[in-house]
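Next up is a structure, given as structure tokens.
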Amino acid sequence: MRRLRFYWNLYRAFLRTSLVREMEFRANFWAKMFYNAIWLGFFLVTLKIIYRHTESIAGWTEAEALMLAATLYFIDALIATFFYFGLSELPTMVRQGTLDFVLFKPVDSQFWISLRRINLDQLGSLVVAVLLGIYALFRLEYMPSLLNVAVYLGMVFTGVLIFYSFHFMMMTLSIWLVRVENLWVLSEVFAQIGRFPTDVFDAVLRRVFTYVLPVAFLATIPTKALLGKASPAFLVFAVVWGVSFFIAGRAFWRFALRSYTSASS
């Protein structure tokens with residue numbers, strides 16, 4: 001219990017310093033929020049154009065596709081808010097040797113690296129994603145049950161866990177490769193594929209994106225869970241995938257640290 005309180009107090013300190021940092025550059029804070037809103041606007045226009053000539057794609061109506069977009073945007077905003085900056089700084093820390101200072105601290109190194117920088121200018125994106133989801137449900141004229149909402153939030157959590165763990169493993173490669181910033185492209189591809197319902201792909205790709213590269217659990221499965229269309233087996237499988245990815249990411253980090261010799265060595 002004392003250990004848990006220690007990490008909670010440490011995270012609150014991270015949150016305070018992140019807030020102070022953002023308030024030092026308020027114009028940049030609002031500019032980023034505006035940029036994120038513009039990006040979402042372009043995506044919604046594209047979606048509107050696609051559904052202009054059809055009522056559904058692979059069984060997904062425009063309103064359901066909006067809910068899917070809201071889910072992925074929400075997960076992406078959570079990652080960008082709580083993990084992006086911390087993980088993106090890992091290659092620089094390896095090159096400059098400042099990772100040494102983290103490893104010497106009496107705190108879990110993965111916790112420190114992952115949560116030290118909180119990108120508060122993404123809070124606007126979180127709000128927009130929630131509003132988009134509410135609008136999509138209004139279009140669907142559908143009110144999910146409390147059970148469906150609870151399952152949906154659980155699936156969103158597993159999606160965040162999978163997405164975060166994938167990012168973390170990509171950046172951990174900097175222990176050996178040093179410059180891996182471009183590997184963020186792989187993470188972006190991961191997210192771009194997740195933007196589409198897996199039902200639009202053929203049977204082979206659907207299996208790949210469900211059982212090999214779990215793209216389906218980033219948005220498709222959570223959205224189906226909210227709409228009451230997800231199989232219970234998929235919900236269990238989503239939890240297994242999320243926990244497995246997190247354990248694999250943590251094990252990979254511990255394995256990588258055995259090869260870390262510091263920039264000054």
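Let's see if you can work this out: charge +1 on each Lys and Arg Cβ, -1 on each Asp and Glu Cβ, no other charges. What is the dipole magnitude of region 2-257 about its Cα centre, in debye to the nearest 20?
Roughly 760 debye, rounded to the nearest 20.
May I ask you to evaluate 6.51 cos²θ - 1.76 cosθ + 1.60, the Karplus curve with θ = phi - 60°, for each residue of region 235-244 and list the ³J(HN,Hα) values in order in whole Hz, giving x for glycine and proline?
5, 5, 5, 4, 5, 4, 4, x, 5, 5
Loop by DSSP (not H, G, I, E, B), at most 10 other beta-carbon atoms within 10 Å: where is the longest site-free stretch of the chain for GluC sites (Glu not before Pro)?
The segment 142-265 is the longest one with no such site.
At a Förster distance of 35 Å, what's the computed FRET efficiency of Trp176 paired with Ile38, Cβ-Cβ distance as r, to 0.05?
0.40
Turning to a different aspect of this structure: Please name which of Ser125, Phe245, Phe104 has its Cα lying farthest along the dipole of region 2-257 towards the positive end, using unit charges on Cβ (Lys, Arg +1; Asp, Glu -1) and the Cα centre as origin.
Of the candidates, Phe104 comes out farthest on the positive side.
On a 0 to 90° scale, report how tilted helix 123-140 is relative to the longest principal axis of the chain, with both axes built from alpha carbons and the result rounded to the nearest 10.
20 degrees
Quick one: length gained pulling Arg2 to Ala251 fully straight, 0.36 nm per residue minus the C-alpha distance?
Using 0.36 nm per residue and subtracting the Cα-Cα distance, I get 87.1 nm.
Quick one: helix 184-194 against the long Cα principal axis of the chain, what's the angle to the nearest 10°, folded into 0 to 90?
Long axis of 184-194 versus the principal axis of the chain: about 20 degrees.
Only loop residues by DSSP count here, and only those with at most 11 other Cβ atoms within 10 Å; note down the chymotrypsin sites (Phe, Trp or Tyr not before Pro) in region 72-164 that meet that.
Passing sites in region 72-164 are Phe104.
Report the Cα-based extents of region 19-157 along its three principal axes, largest first, to the nearest Å.
57, 36, 26
For Thr220, what is the net charge nearby, where nearby means another residue's Cβ is under 14 Å from its Cβ and Lys, Arg count +1, Asp, Glu -1?
Net charge in that neighbourhood comes out at +3.
Something else about it: Name the residues whose placed amide hydrogens come within less than 5 Å of the amide hydrogen of Gly97, ignoring near sequence neighbours (fewer than 5 apart) on the same chain.
For Gly97, whose amide H was placed from the backbone, the distant partners under 5 Å are Ala263.
How long are the three semi-axes of the equivalent ellipsoid of region 2-257, in whole Å, if each is the root of 5 times an eigenvalue of the C-alpha gyration tensor, listed from largest down?
32, 22, 18
Based on the Cβ-Cβ distance of Ser109 and Val130, what FRET efficiency does E = 1/(1 + (r/R0)^6) give at R0 = 41 Å, to the nearest 0.05?
0.80
Answer with one residue from Thr17, Thr71, Ile162: the one whose Cα lies farthest towards the positive end of the charge dipole of the chain, charges on Cβ with Lys, Arg +1 and Asp, Glu -1.
Going by the charge dipole, the pick is Thr17.
Springs between alpha-carbon pairs under 10 angstrom, Gaussian network model over the chain: which of Ala219, Ala233, Ala13 fluctuates most?
Comparing Ala219, Ala233, Ala13 in a Gaussian network model of the chain, the most mobile one is Ala233.
What distance in nm separates the two pseudo spin-label positions at Tyr11 and Thr98, each 7 Å out from Cα along the beta-carbon direction?
So the two model labels end up 2.4 nm from each other.
Right, another one. Taking the Cβ of each residue in Thr172, Thr220, Thr81, Thr46 as the centre, tally the other Cβ atoms inside 10 Å and list the residues starting with the fewest. Write down the numbers at each step before the final one.
Working: Thr172 24, Thr220 28, Thr81 18, Thr46 11.
Fewest-to-most ranking of Thr172, Thr220, Thr81, Thr46: Thr46, Thr81, Thr172, Thr220.
Express in nm, to one decimal, how much length is gained between Glu188 and Ser244 on full extension, taking 0.36 nm for each residue of separation and deducting their alpha carbon distance.
18.1 nm
If you don't mind, another one. With r defined as the distance between the Cβ atoms of Ala203 and Val236 and R0 fixed at 25 Å, what FRET efficiency is calculated, to the nearest 0.05?
0.70
Read the figures in this text as sums done on the coordinates, not as results from a lab. Everything numeric in this text was worked out from a predicted model, so none of it was measured. Using ideal geometry, Cβ is built from the backbone for each residue, glycine included, and neighbour counts are taken over all protein chains shown.
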